1. Which of the residues spanning segment 46-63 are buried (at least 16 other Cβ atoms within 10 Å of the Cβ) and modelled with pLDDT of 95 or more?
2. If you scan segment 64-98, which residues turn out to be polar (S, T, N, Q) and loosely packed, with under 10 Cβ neighbours inside 10 Å?
3. Go over the candidates ASP12, ASP43, ASP62 one by one and state the one that is touching a residue at least 12 places away in the same chain (Cβ under 8 Å) and of a type outside the set (A, V, I, L, M).
4. Is it true that ALA36 is among the small types (Gly, Ala, Ser), surrounded by 11 or more Cβ atoms within 10 Å (Cβ to Cβ) and out of contact with any Ser or Thr (no Cβ under 7 Å at 6 or more places or on another chain)?
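The values are calculated or read from the model by the stated rules, or taken from the named source; none is laboratory data. All values derive from a computational prediction rather than experimental measurement. Because the Cβ atoms are built from the backbone with ideal geometry, glycine has one as well, and the counts that use them run over all protein chains shown.
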Amino acid sequence: MSMVNVRFIERDYFRKVMLENSEHMSERQIEKILDAVGRDWVDLTFKFFDNGSMMIVDNHTDQPVPLHSLKGASYDFYVKQRIKMIKEDLLEKILQSA
């Protein structure tokens, strides 16, 4: 069974969103804002298996994370990754049957 690992680092996610959506802030300003938040950022590894199952691991504790505990940016990331993988799987099946 094959597996795809995808890492999610919350701080990097917000940094990317801010860079893409703010033409008036410099990278330095964005870094200062993120530093000022003063929180522990989520760092997860999503393990997607080809049979459709999935496992989420907290990289700070090496403990599994239940899907229902995802919220905000980590849940958004999960949904987008799942949709991307479904599209890739469907495209592969279409190409195989052509």
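1. Passing the criteria: PHE46, ILE56, VAL57.
2. Within segment 64-98, GLN96, SER97 qualify.
3. Going through ASP12, ASP43, ASP62 in turn, just one is touching a residue at least 12 places away in the same chain (Cβ under 8 Å) and of a type outside the set (A, V, I, L, M): ASP43.
4. In short, no.
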